[in-house]
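The values are calculated or read from the model by the stated rules, or taken from the named source; none is laboratory data. Bear in mind the structure is a predicted one, so any value in this text is a computation, not a measurement. Cβ placement follows ideal geometry from the backbone for every residue including glycine, while neighbour counts extend to all protein chains displayed. The protein model used for the area step is the full one, side chains on, heavy atoms only, and it has no ligands, DNA or RNA in it. Shrake-Rupley method; radii C 1.70, N 1.55, O 1.52, S 1.80 Å.
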Amino acid sequence: MTFYEIEFPLAALSVETVEAALLEIGADSITFVDRGDEPVLEPGPSEVRLWSDTLVRALFHESSVAGRWEAASNLGRLAAALGPHITRTARVKAVEDRDWERVWLTDWKSMRFGRRLWVCPTAADLPDDPAAVVVRLDPGLAFGTGTHPTTALCLQILDSLPVSGRRVIDYGCGSGILGLAALKLGAARVTAVDLDPQALLATRDNAIRNGVSASIDVQGVEHGALGQAYCVMANILAGPLIELAPKLTAACEPGGYLLLSGLLKTQAYAVKAAYTGAFAMVQVVERDDWCCIYARRVA
């Protein structure tokens with residue numbers, strides 16, 4: 001199977017118009033990427049915020065008989081829908097067909113967090129460490145493999161907490177990595193919560209792969225009360241963490257621990273302020289431009 005890609009600047013075109021035109025001519029996938037180095041941080045709910053200099057990439061399956069004529073034809077149809085400037089700025093290139101999942105996994109290695117916690121690809125050998133606590137996880141559609149600093153910081157701190165025999169809440173669970181790690185470290189039960197149905201599916205699937213599905217409750221944010229837990233973790237964004245302060249505070253039992261991540265260092269002060277009344281702030285742990293707030297509920 002062969003593919004080709006049509007690439008052009010978004011410029012003043014609207015995202016909706018471009019997507020509609022590309023889908024009309026049969027695009028298999030549409031991606032918007034940054035042409036420069038401009039961060040887009042913390043968009044609001046349902047908000048699509050792009051860069052000031054955005055590139056559009058559309059992937060097409062190439063018919064074996066049509067060949068190059070098909071790409072030229074689609075480029076012409078695209079110009080008719082979006083404007084003649086498309087033919088001047090667009091670039092068409094062939095895309096090699098590869099086993100993309102295997103290509104991704106080539107660079108996905110086992111990683112250690114803290115003293116004993118490891119996150120390893122499913123096919124990787126066990127670490128040469130008799131004390132290793134291993135979570136098996138492959139990259140998927142939900143956030144969380146340990147490679148991002150915010151997840152890494154949570155895992156590092158979690159490895160040091162006495163969660164054995166305790167209940168843990170993972171709010172904004174993504175792939176389920178934090179909750180799974182807690183169970184592997186001896187937690188009695190984990191409640192994993194997310195607003196993304198894909199995240200809930202990924203967490204359930206990863207729990208089965210790790211043999212801990214009987215000890216994890218996976219639920220959407222609409223489920224209601226969380227109950228109380230000894231450790232509450234939320235690796236999401238600064239805005240939601242501030243809004244969720246009453247809910248997450250109520251969920252953390254007296255003397256229990258709170259881990260808040262997904263934060264830029266510049267956002268730590270505002271998030272800390274939302275929780276200070278009920279928690280003794282233990283530490284703000286930093287890595288690169290990111291941080292994790294690690295606190296204990298006042299008894």
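Computed values, structure above
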| quantity | calculated |
| --- | --- |
| Per-residue [θ]222 nm for the chain (sum of -39500 (n - 2.57) over DSSP H runs n ≥ 4, rounded to 500) | -8500 deg cm²/dmol |
| Accessible area per residue in Å² at 1.4 Å probe, computed on the chain | 51 |
| Difference of contour (0.36 nm per residue) and Cα-Cα distance, residue 195 to residue 92 | 33.3 nm |
| Surface/4 estimate of mean projected area, convex hull on alpha-carbon atoms of the chain, nm² | 17.7 |
| Distance between segment 159-176 and segment 186-232 - C-alpha centres, whole angstrom | 9 |
| Dipole magnitude (debye, nearest 20) for the chain, charges at Cβ of Lys, Arg, Asp, Glu | 1000 |
| Theoretical FRET efficiency, 1/(1+(r/R0)^6), r = Cβ-Cβ of residue 272 and residue 33, R0 41 Å, to 0.05 | 0.75 |
| Computed over segment 110-189, the ratio Rg/Rh where both radii use C-alpha atoms and Rh is Kirkwood | 0.93 |
| Where labels lie 7 Å past Cα in the beta-carbon direction, separation of residue 122 and residue 85 in nm | 4.6 |
| Size of segment 174-299 as Cα extents on the principal axes (Å, biggest first) | 38, 32, 28 |
| Total charge dipole magnitude, segment 214-299, about the Cα centre, Cβ charges on Lys, Arg, Asp, Glu only, Debye to nearest 20 | 260 |
| Considering only the chain, percent of DSSP beta bridges that pair antiparallel, nearest 5 | 60 |
| Whole-percent carbon and sulfur share, accessible surface of the chain, 1.4 Å | 53 |
